[in-house]
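Just below is one structure, and these are the notes that go with it.
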Amino acid sequence: MSRSKNSLEIFGERIEAGTQKTFHIPIGQLYTQTNISIPVQVVNGKAPGPVLLICAAIHGDELNGVEVTRRVISAPWIKSLKGTLIAVPMVNVLGVIHRSRYLPDRRDLNRCFPGSEEGSLGGRIAHLFVQEILGKCQYAIDLHTGAIHRSNMPQIRVHLENTKAADMAHAFGLPLIIDAPIRDGSLRGAGDDLGIPIITYEAGEALRFDEPAIIAGVKGVRNVMTHLNMLPPRRNPKKETNNTFVAKSSAWVRAPADGLFRSHLKLGDRVVRGELLGIIDGPLGGSETPVKAPFGGIVIGATNLPLVNLGEALLHVGRFDDIEDVETVVDEFRQEVDMMPVELS
Ligand SMILES: [Zn+2]
């Protein structure tokens with residue numbers, strides 16, 4: 001990709017300033033010989049500016065980010081874009097087709113980066129993605145959800161030692177940030193090697209559209225684009241004042257027994273040490289095992305499946321300083337995203 005004035009060249013095609021173009025990056029064929037490709041939308045602003053990647057479904061069953069991406073590229077405010085947005089809603093397109101987190105060979109694409117031309121299926125897709133997409137961007141936002149049967153409270157994961165990424169994480173504007181060191185083989189790792197700051201948005205559950213998670217995701221992407229001067233400043237920035245908190249640490253509360261887990265807790269609830277979080281019982285009742293909080297904090301992730309075995313993850317709790325402030329801001333955030341009307345367009 002090269003730039004001359006405000007036009008852009010990518011995949012051998014020129015995209016003029018103020019236009020959008022759809023590309024399909026071929027990655028191979030199904031067994032049926034049907035061609036498979038990764039859909040890409042490039043939005044080139046009228047004025048020059050940074051190149052930002054937003055991508056989703058590196059884990060093929062994580063769909064909220066697919067919808068976040070669609071809403072961002074079709075939003076009216078995208079017409080004010082300075083610079084370039086490269087939107088890739090389905091990176092692991094084979095996983096999406098199979099409704100699976102993984103590639104057909106059961107590898108995790110987010111452990112295959114930066115990949116290689118001669119490597120495994122995942123390694124080749126990762127390599128192609130780095131060559132054709134990631135390496136041409138200056139910033140990136142990677143959109144994820146919780147695993148199957150687990151929901152995440154909307155949160156940003158970032159390696160805070162990377163100050164540019166940390167600034168993007170704060171600009172996203174969510175109450176909660178988790179400091180997450182880079183994992184080998186991840187897209188964030190590939191970005192780190194190339195000097196491209198990447199933040200990860202985590203919200204909702206796999207194989208579901210979760211409206212509050214989608215609304216918060218679109219708003220956060222827009223906030224980051226404003227922070228990068230890709231969009232004009234918001235007229236009413238009063239809610240964008242710093243209400244973001246970094247977790248000191250986080251840990252899963254695990255099932256102390258086998259059975260059916262009953263809990264009244266919701267994502268974002270505050271729990272205190274020793275509090276009753278729920279009950280594990282048998283199908284006929286009468287064998288109740290209490291689940292108590294081993295530490296206090298905010299519920300940032302939870303299982304949605306009541307069937308649990310000993311040791312299974314039930315509730316993900318983040319520990320914070322200033323817990324009362326965090327609780328207040330999280331409550332405001334929950335009201336804000338729950339009360340917004342559902343967008344059907
Ligand atoms: Zn994921």
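The values are calculated or read from the model by the stated rules, or taken from the named source; none is laboratory data. Bear in mind the structure is a predicted one, so any value in this text is a computation, not a measurement. Cβ atoms come from the backbone with ideal geometry, glycine included; neighbour counts cover every protein chain shown. Areas reflect the complete protein model, heavy atoms only, side chains present, ligands, DNA and RNA absent. Shrake-Rupley method; radii C 1.70, N 1.55, O 1.52, S 1.80 Å.
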- Query: Here is a list of conditions, (1) of a type outside the set (Gly, Ala, Ser); (2) within 16 Å of the ligand (Cβ to nearest atom); (3) under 24 Å from residue 26 (Cβ atoms); (4) without any contact (Cβ under 8 Å) to a residue 60 or more places away in the chain, and residue 131 meets all of them except one; can you say which number that is?
  - Reply: (2)
- Counting only residues that are assigned to a loop (DSSP other than H, G, I, E, B) and more than 28 Å from the chain's Cα centre (by Cα), how many does region 273-293 have? 10
- Query: In region 202-235, which residues are within 16 Å of the ligand (Cβ to nearest atom), open to solvent by 30 Å² or more (accessible area, probe 1.4 Å) and among the charged types (D, E, K, R)?
  - Reply: 208, 210
- Task: Kindly provide the set of residues from region 261-285 that are more than 22 Å from residue 213 (Cβ to Cβ) and in contact with a Gly (Cβ under 7 Å, 6 or more places away or on another chain), ordered by number.
- Result: 261, 262, 272, 273, 280, 281, 282
- Item | Residue count, region 172-201 (criterion: crowded, with 20+ Cβ neighbours inside 10 Å and at negative phi) | 17
- Query: Using beta carbons and a limit of 8 Å, which pairs, at least six apart or on different chains, have the first residue in region 262-276 and assigned by TED's automatic domain parsing to the domain that holds residue 295 and the second one open to solvent by 80 Å² or more (accessible area, probe 1.4 Å)?
  - Reply: 274/292; 275/292; 276/292
- Could you check residue 57 against (1) open to solvent by less than 30 Å² (accessible area, probe 1.4 Å); (2) more than 16 Å from the chain's Cα centre (by Cα); (3) within 14 Å of the ligand (Cβ to nearest atom); (4) among the small types (Gly, Ala, Ser) and say which number it fails? (2)
- region 89-118, residues that are surrounded by fewer than 24 Cβ atoms within 10 Å (Cβ to Cβ) and touching a strand residue (DSSP E or B) at 6+ places or on another chain (Cβ under 7 Å): 90, 93, 94
- Taking region 95-112 and keeping only residues that are within 15 Å of the ligand (Cβ to nearest atom) and either of a type in the set (A, V, I, L, M) or touching a residue at least 40 places away in the same chain (Cβ under 8 Å) (or both), one is left with 96, 99, 100, 101, 102, 103, 108, 109, 110, 111, 112
- Query: What number of residues within region 130-170 are open to solvent by less than 50 Å² (accessible area, probe 1.4 Å) and assigned to a helix (DSSP H, G or I)?
  - Reply: 8
- Note on the structure: Contact list, first residue from region 180-201 and among the β-branched types (Val, Ile, Thr) and at pLDDT below 95, second anywhere and open to solvent by 20 Å² or more (accessible area, probe 1.4 Å) and not in a helix (DSSP H, G or I), beta-carbon distance below 8 Å, six or more apart or interchain, is 182/159
- Note on the structure: Counting only residues that are in contact (Cβ under 8 Å) with a residue 60 or more places away in the chain and either part of a strand (DSSP E or B) or closer than 20 Å to residue 66 by Cβ (or both), region 114-128 contains a total of 3
